[in-house]
1. Only residues that are among the small types (G, A, S) and open to solvent by 10 Å² or more (accessible area, probe 1.4 Å): list them for the stretch 44-73, please.
2. Within the stretch 190-207, can one find any residue that is farther than 29 Å from Q70 by Cα and among the small types (G, A, S)?
3. Considering only the stretch 163-178, I want to know if a residue exists there that is touching a residue at least 40 places away in the same chain (Cβ under 8 Å), charged (D, E, K, R) and surrounded by 15 or more Cβ atoms within 10 Å (Cβ to Cβ).
4. Hey, which of the helices (runs of 4 or more DSSP H) in the stretch 24-128, taking only ones fully inside, have at least 2 residues that are in contact with an Asp or Glu (Cβ under 8 Å, 6 or more places away or on another chain)?
5. Please enumerate the residues belonging to the stretch 74-101 that are more than 17 Å from R20 (Cβ to Cβ), within 13 Å of the chain's Cα centre (by Cα) and crowded, with 21+ Cβ neighbours inside 10 Å.
6. From the list T132, T140, which residue is polar (S, T, N, Q), within 18 Å of the chain's Cα centre (by Cα) and more than 21 Å from K179 (Cβ to Cβ)?
7. Looking only at the stretch 25-73, how many residues end up being more than 21 Å from E115 (Cα to Cα), under 15 Å from the mean Cα position of the chain (by Cα) and polar (S, T, N, Q)?
8. Residues of the stretch 126-145 being acidic (D, E) and surrounded by 20 or more Cβ atoms within 10 Å (Cβ to Cβ), which ones?
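The values are calculated or read from the model by the stated rules, or taken from the named source; none is laboratory data. Just so we're clear, the structure is a prediction, and the values are computed from it rather than from any experiment. Cβ sites come from the backbone with ideal geometry, for glycine too, and all protein chains shown count toward neighbours. Just so you know, the surface numbers come from the protein's heavy atoms only, side chains and all, with ligands and any DNA or RNA stripped out. Shrake-Rupley method; radii C 1.70, N 1.55, O 1.52, S 1.80 Å.
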Amino acid sequence: MAQDLMVLRQQDLVSNPCTRLPVCLCLDVSGSMSGNPIQELSQGVKYFFDAIKSDEIARYSVELSIVVFQDDATVILDFANIDRQRVPSLSANGSTSMGEGVNLALDILEQRKNEYSNKGVDYYQPWMVLMTDGCPTDNTQSAISRVQNLKNNRKLTLFPVAIGNGADVGILKQFSTMKDNMVLKVVSAQYFKEFFEWLSQSVSIVSQSAPGDKISMPKTPSVIEIEL
């Protein structure tokens, strides 16, 4: 099955000539996210996928993956044509291996970029969305160094998102590639949909541009706070 998916991934690059935008959602699914937060996050992720599929340009340009982290990190959705993908269910338990999660997300983004290059497919530099409601329980220094190196070379856009008031904003700032190392804050799980609506609009704008163009992002909704 894994081999069949790899073949399909390669075929997609040949049959679809659109410039690609790889987007990885790197999601905290530790125990503190159990109950309503993980349910709302699942609904938000599904909304994001549906919004991309309904956009005639983004549907063929944007490629999505999901990495989750708890006691360890796992790729629960790898890059492929969105029509082949099914949004996986999310469940919460365990600790918060954020460093491992970001490193794994960076690995699969780099792998996909190499696949684009090997097939002669143009691409926008990757996006990552890092969402957490807590503090990392593992070492994050390697992941932070990798992110900052990519930031300095304009090879990655990473949106750090604090969920509620318990997230370690100081750590998230170190991961941020945004202006002034800003962090986005979803004040409550009930507003995940608004965040993913903003994200889908942002992705759509990029997919309609040329690589390297200066992009004007849509204004963040009022339920998304900016932490400086």
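1. Once the filter is applied, which keeps residues that are among the small types (G, A, S) and open to solvent by 10 Å² or more (accessible area, probe 1.4 Å), the stretch 44-73 yields A51, S54, A73.
2. yes
3. yes
4. Values: elements: 36-54, 58-61, 98-119.
Of the helices (runs of 4 or more DSSP H) lying wholly inside the stretch 24-128, those with at least 2 residues that are in contact with an Asp or Glu (Cβ under 8 Å, 6 or more places away or on another chain) span 36-54, 98-119.
5. Within the stretch 74-101, just G101 meets the criteria.
6. T140
7. 1
8. D133
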